[in-house]
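Here is the structure we will look at, set down as structure tokens.
Derivation of every value follows stated rules applied to the coordinates shown; laboratory data play no part. None of the values given here were measured: they were computed from a predicted structure. Here the Cβ positions follow ideal geometry from the backbone for every residue, glycine too, while neighbour counts run over all protein chains shown.
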Amino acid sequence: MGVEFASGRLAVATVQLISQEALTSDLAVVLQKAGIALLIGVLVGLERERDRADGDELFAGIRTFPLISLLGFLSSLLASATSYWVLAVALAAFFALVITTYAYSAREGHIGMTTEVSALIVFILGALVFLEFYTITIASAVILTLVLTIKAPLHHLVEKIQEEDIYATLKFAVITAIILPVLPDQTFGPFDVLNPRQIWYMVVLIAGVSFLGYILVKIFGSSKGITLTGMLGGLVSSTAVTLSFSQKSKESLDLGRTFGSAIILACTIMYPRVLVMIAVVNRQLLTLIWPSILVLTLTGVGASLWLWRKAARRNTEGVEITNPFELRSAIKFGLIFAVILFVSKASEFYFGDSGVYVTAGLAGLTDVDAITLSMASLAKTTLSESTAVSAILLATVSNTIVKAGIAVFLGSTHLRKYTLPAFTILAIVGIILILWFPLV
């Protein structure tokens, strides 16, 4: 009897201990979540407080935003213990408070509602933290703070955007949204290699990468500095930068070294672009080609920095760069990509690897993007990965030689003196990598 009583007390004590440990553990998790919610509020609140002009009244600042996030967290906590209608009611009540505050501010002449909308988002993020949607919550908080922080650059961008930019972007978006879903996702034609949907995907990819550079040029301006313009313009079209600066070098003979540095840097941006495109289309190929691309990139950056250190740092007129979402350019690239894809496959069929190399060399004379995407796509089916890598490297060398020719024949004597050695080094390094790759 005594043994049974002792065993019962021991069991009760054990259950109590386990319950206490579970309660302590649950409390620690809840406090951790609350801390994350508060940090999100602090992050947004800091930005809002920093952005406030002297003397201006804000709906919420460094103290209020953490409380808003905590309110959303506690509402979600209470809802989980009762009913999720509690969270809905809390959100509706807070929304009504925000609307009332905005109405009062609008009567005072403050019609902006960025802070009010941010407060609603922070309330929702606080609720999502309790529900353990950590990734989307933290990412949303960072994006929200970033958007709030880049207010001035965004307004500057809007001032720079022209009406034709909006039309070009809208037309491209409409064509992509309407046509892309209905394009057949299957290959057809001789050699069974042309896929309409894949071709347009490639157009969207290239236009997107180029559009990033176009936006950066619009934000920072194309006359902030020759070197900066070369770097940003290289994201859009390194050929356009080379052509523009080669012509301008004849107008400013003392800026030959500076223009040379910018041209080499713009052409060097081509290599990271190649990596980005391959990463999207064929990850396996990326693991093989990235060391070679890294060597070329470091070589180009080193040559550009060597020229830049001794160059006269001046501003100049901007490079003429068009919106890459222009339909005519997009369709033209799609056709070039399709032709190169077909010719590459046909060359491989009739002439083997040598036919692919000839096609890559000729394609690189005009464009590297199309041949890169073609090789990355074919490497997933019939083309060997080593051949694809060598072909892409050959295209970059071919394109480098073309740009060297533009700088030499269209640029000033000073520009030729600085760019020709750099382009020669890049071409030699590229050729060495092509010969070395099959041996590794």
>> So for each of 409-422, 387-400, 66-79, 130-143 I average, over its residues, the number of other beta carbons within 10 Å; can you give me the resulting order with the highest mean first?
In response: 387-400, 66-79, 409-422, 130-143
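W290 to S384: FRET efficiency via 1/(1 + (r/R0)^6), r the Cβ-Cβ distance, R0 22 Å, to the nearest 0.05? Spell out each step's value before the answer.
Numbers: r = 18 Å, r/R0 = 0.81.
Rounded to the nearest 0.05, the efficiency is 0.80.
Sorting T381, T242 on the 10 Å Cβ count, fewest up front, what's the list?
Working: T381 10, T242 30.
In order of increasing Cβ crowding within 10 Å: T381, T242.
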>> Give me the one-decimal nm value for the distance between modelled label points at Q186 and V408, 7 Å along each residue's Cα-to-Cβ direction.
In response: 5.1 nm
> ³J(HN,Hα) across the stretch 377-385 via Karplus (A = 6.51, B = -1.76, C = 1.60, θ = phi - 60°), whole Hz, x for Gly/Pro?
Replying inline: 6, 5, 5, 7, 10, 9, 7, 6, 5
> What list do you get for T258, T382 if you sort them by fewest beta carbons within 10 Å?
Replying inline: T382, T258
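Evaluate E = 1/(1 + (r/R0)^6) for K417 and R63, where r is the Cβ-Cβ distance and R0 equals 56 Å; express this FRET efficiency to the nearest 0.05. Intermediate results must be reported in sequence, preceding the final value.
Values: r = 62 Å, r/R0 = 1.11.
Here the calculated transfer efficiency is 0.35.
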>> Can you compute 3J(HN,Hα) from phi for each residue in the stretch 116-123, using the Karplus curve 6.51 cos²θ - 1.76 cosθ + 1.60 with θ = phi - 60°, rounded to whole Hz and x for Gly and Pro?
In response: 5, 5, 4, 5, 4, 5, 5, 4
> Got a sec to turn the phi values of the stretch 354-364 into Karplus ³J(HN,Hα) couplings, 6.51 cos²θ - 1.76 cosθ + 1.60 with θ = phi - 60°, whole Hz, x for Gly and Pro?
Replying inline: 4, x, 5, 5, 5, 4, 4, x, 6, 5, x
> Within the stretch 275-295, whose backbone N sits under 14 Å from a point 7 Å along Cα→Cβ of L435?
Replying inline: none
>> Taking 35 Å as R0, compute the FRET efficiency from the Cβ-Cβ separation of T114 and K171 and round it to 0.05.
In response: 0.70
>> Using 21 Å as the Cα-Cα cut-off, could you pick out the over-long pairs in K250/K417; K171/K345; K250/K332; K345/K403; K332/K380?
In response: K171/K345; K250/K332; K345/K403; K332/K380
> Using a basic spin-label model with each label point 7 Å from the Cα along Cα→Cβ, how many nm lie between I178 and L146?
Replying inline: 3.2 nm
> Amide H to amide H under 5 Å from L194: which residues, 5+ apart in sequence or cross-chain, H placed 1.01 Å off N in plane?
Replying inline: F188
>> I want to check the label-to-label distance for A96 and L46. Put each point 7 Å from Cα in the C-beta direction and report it in nm to one decimal.
In response: 3.5 nm
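Arrange the following residues from fewest to most other Cβ atoms within 10 Å of their Cβ: I336, I278. Each step should come with its number before you reach the end.
Details: I336 18, I278 26.
Neighbour counts put them in this order, fewest first: I336, I278.
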